[in-house]
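Asker: The structure under discussion is supplied below as C-alpha cells; questions concerning it will follow.
The values are calculated or read from the model by the stated rules, or taken from the named source; none is laboratory data. Since we're looking at a predicted model, the values are computed, not measured. Because the Cβ atoms are built from the backbone with ideal geometry, glycine has one as well, and the counts that use them run over all protein chains shown. Quick note on the areas: whole protein, heavy atoms, side chains included, nothing else; ligands and nucleic acids left out. Shrake-Rupley method; radii C 1.70, N 1.55, O 1.52, S 1.80 Å.
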Amino acid sequence: MHAPSPIVRRPSRQIHVGKVAVGGDAPISVQSMTNTDTLDVAATVAQIRQLEAAGADIVRVSVPTMDAAEAFGRIKREVAVPLVADIHFDYKIALRVAELGVDCLRINPGNIGREDRVQAVVSAARDNGIPIRIGVNAGSLEKDLQKKYGEPTPAALVESAMRHIDHLDRLDFPDFKVSVKASDVFMAVAAYRELASRIEQPLHLGITEAGGLRSGTVKSSIGLGMLLMDGIGDTIRVSLAADPVEEIKVGYDMLKSLRLRSKGINFIACPSCSRQNFDVIGTMNALEERLEDVMTPLDVSVIGCVVNGPGEAKESDIGLTGGSPANLVYLDGKPASKLRNDHLVDDLERLIREKVREKEQAERDVIARGD
C-alpha cells in the first residue's frame with residue numbers, strides 16, 4: 001500500500017488551469033461540472049464550494065449565453081477553485097469570459113465559425129494565459145464524419161480531434177488539452193490510445209454519459225482504469241447521472257486504487273462474513289460518512305476477524321481486527337489497544353482523527369525545518 005505506483009505515465013506538455021498544473025509531472029487532477037442554472041449565481045457558487053470541499057481540483061461551468069457569461073464573472077469572484085467555461089458556437093462568449101478571468105476555455109475551434117473568430121479567441125487565450133480544452137464527443141461528431149464513417153468510431157473521434165488541433169497548430173497555440181469521449185468503453189479507450197501517440201498535449205479522460213451512480217462508476221472505472229494503467233491521462237472526470245460530488249469521490253478512489261494520487265482515507269475493508277466479530281458494513285458506512293472531510297492520506301483497514309485482520313493491519317496506519325471479547329487496534333502496524341463494540345465507531349473515529357492530526361503536524365514540522 002505504501003509502495004509507489006508501478007505505472008509509468010505518458011510524457012506530456014504541461015499547461016496550467018489557474019493554479020492547477022495539468023500534464024508533465026503534475027498529479028492527475030480530478031474535476032466535475034456544475035448542474036445548476038448558471039444564471040442562479042448563489043446556487044452555482046454553493047455547488048462549486050461543495051465540489052471543492054469534496055476535493056475537486058477543477059470545476060467546469062456551462063456558459064451558453066452572454067447573460068450566463070456575466071453570471072460566470074460573478075461566480076468566479078466568489079470561489080477559489082479554477083473554473084473552466086463550457087462554450088459552444090458563440091465566440092463572443094469566449095471573449096467575454098476571458099475578460100472575466102476564466103481559467104480554461106472548453107471550446108472546439110472548428111465549431112465557432114470563420115478563421116478570424118478562431119484567431120480572436122486564441123489571441124484572447126494567449127494574452128490572458130488561458131489554456132483551451134478541445135472536447136470531442138461521439139454523440140456530436142461533425143456531419144461529414146458521421147457520413148464518412150457511418151457511425152461513431154475511434155478513428156472518427158481522432159479525426160475530429162485532429163481537425164480542431166490543426167486550427168490551434170496553425171495559430172501556434174500549444175497550450176491545450178484534449179478529450180475524445182464516448183459512452184462505449186472500447187471506443188473511448190481505442191481513441192485515447194491513438195490520440196496519445198499523435199500529440200504531446202495533456203489528455204482529459206472521461207467515459208461520457210456513463211450512467212447512474214453504480215453502473216456509471218463501474219463503466220468509468222473499467223475504461224479509465226485501462227487508460228490510466230497505460231500511463232495515459234492527465235486530468236479526469238467521472239461522468240455520472242448523480243450528484244456531481246459523487247464524481248469527485250469516485251475519481252479519487254480510482255486514483256488511490258492505482259496509487260496515482262493520495263488524498264483522504266484509503267479504506268481496506270472485508271466484505272464481512274459469519275466470522276465477523278462486529279458489524280463491518282455498518283461500521284464502514286458510518287466511518288465513510290463521518291470522515292468525508294479528511295483530506296490527509298491515511299490507510300485504514302477494517303477487518304471483521306483474525307484471519308486476515310492482523311496481516312492487513314500491519315500494513316496500515318490504523319488497523320482494526322475483530323476479536324472476542326474485544327477488537328484489536330493496530331497503530332503503524334503494531335498492536336496498540338482494544339475496543340469493544342459498544343462505542344466502536346466513535347472510538348475508531350477518534351483514533352483516526354488523532355492520527356490525522358499527528359500526520360499533519362509532522363508535515364508542518366518538516367516544512368518549518370525546510371527539509
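Asker: Add +1 for every Lys or Arg and -1 for every Asp or Glu among the other residues with Cβ under 11 Å from the Cβ of G333, and state the total.
Answerer: -3
Asker: Something else about it: Evaluate the relative contact order of the range 255-371 (contact order divided by residue number), counting alpha-carbon pairs under 8 angstrom at least 6 apart; express in whole percent.
Answerer: Result for the range 255-371 is 19 percent.
Asker: Would you list M66, M284 from the most to the least accessible area, probe 1.4 Å?
Answerer: M66, M284
Asker: Rounded to whole Hz and in sequence order, give me ³J(HN,Hα) for the range 38-54 from the Karplus expression 6.51 cos²θ - 1.76 cosθ + 1.60, θ = phi - 60°, writing x for Gly and Pro.
Answerer: Calculated HN-Hα couplings, in order: 4, 5, 8, 4, 4, 5, 5, 4, 4, 5, 4, 5, 5, 5, 5, 5, 7 Hz.
Asker: Of A53, A80, A190, which is the most mobile in a GNM of the chain whose springs link Cα atoms less than 10 angstrom apart?
Answerer: Residue with maximal mean-square fluctuation among A53, A80, A190: A80.
Asker: Return P(r) of the range 198-315 (all Cα-Cα pairs; 10 Å bins starting at 0; whole %; ordered from short to long distances).
Answerer: The calculated distribution, bin by bin, is 12, 35, 34, 15, 3, 0.
Asker: Could you work out [θ]222 nm for the chain from helices alone, using -39500 (n - 2.57) per DSSP H run of at least four and dividing by all its residues? Round to the nearest 500 deg cm²/dmol.
Answerer: Per the formula, -13500 deg cm²/dmol.
Asker: Taking the simple approach of a point 7 Å from Cα along Cα-to-Cβ for both E209 and A53, what is their distance in nm?
Answerer: Each label point is offset 7 Å from its Cα along the Cβ direction, giving 3.3 nm.
Asker: Taking R0 as 51 Å, what's the FRET efficiency between E289 and E151 from their Cβ-Cβ distance, rounded to 0.05?
Answerer: 0.70
Asker: At a 10 angstrom cut-off on C-beta neighbours, averaged per residue, how do the peptides 202-210, 181-189 rank from highest to lowest?
Answerer: Going by the mean number of other Cβ atoms within 10 Å, highest first, we get 202-210, 181-189.
Asker: Taking only the alpha-carbon positions of the range 310-371 and ignoring solvent, what does the Debye formula give for the base-10 log of I(q)/I(0) at q = 0.19, 0.23 Å⁻¹?
Answerer: Log-scaled intensity ratios, in q order: -0.71, -0.91.
Asker: Here's something else I'd like to know. If I take R0 = 51 Å and measure r between the Cβ atoms of I367 and S140 in this structure, what FRET efficiency does the formula 1/(1 + (r/R0)^6) give, to the nearest 0.05?
Answerer: FRET efficiency, I367 to S140: 0.65.
Asker: Lys and Arg at +1, Asp and Glu at -1: add these up for the other residues within a Cβ distance under 12 Å of V81 and post the number.
Answerer: 0
Asker: Given 20 Å bins starting at zero, what is the percent of C-alpha pairs of the chain in each, up to the one with the largest pair distance?
Answerer: Answer for the chain: a P(r) of 27, 51, 20, 2 percent.
Asker: Need one number: % antiparallel among DSSP beta bridges in the chain, to the nearest 5.
Answerer: Roughly 25 percent of the DSSP beta bridges within the chain come out antiparallel.
Asker: Is there a pair in K148/K177; K19/K314; K181/K256; K92/K219 whose C-alpha atoms are over 31 Å apart, and which pairs would that be?
Answerer: Distance filter (> 31 Å) returns K19/K314; K92/K219.
Asker: Net charge near F267: determine it from the other residues with C-beta under 9 Å of the C-beta of F267, scoring Lys and Arg +1 and Asp and Glu -1.
Answerer: -2
Asker: While we're looking at this one, here's another question. Choose one of N35, A188, S272: the residue whose Cα lies farthest towards the positive end of the charge dipole of the chain (beta-carbon charges +1 Lys, Arg; -1 Asp, Glu; about the Cα centre).
Answerer: Of the options given, the answer is A188.
Asker: Multiply the residue gap between R357 and D342 by 0.36 nm, knock off their C-alpha separation, and tell me the result in nm, one decimal place.
Answerer: Answer, rounded to one decimal: 2.9 nm.
Asker: What FRET efficiency comes out for R126 versus R163 if R0 is 25 angstrom and r is the Cβ-Cβ distance? Round to the nearest 0.05.
Answerer: The formula returns an efficiency of 0.75 here.
Asker: Have a look at the range 61-192 and give its Rg and Dmax from the Cα atoms, expressed in angstrom.
Answerer: According to the Cα coordinates of the range 61-192, Rg and Dmax are 15.1, 46 Å.
Asker: If you take every DSSP beta bridge fully contained in the range 219-371, what fraction is antiparallel? Give it as a percent rounded to 5.
Answerer: 50
Asker: If the chain between F89 and N308 were fully stretched, how many nm would it gain, using 0.36 nm times the residue separation less the Cα-Cα distance?
Answerer: Full extension from F89 to N308 adds 73.1 nm.
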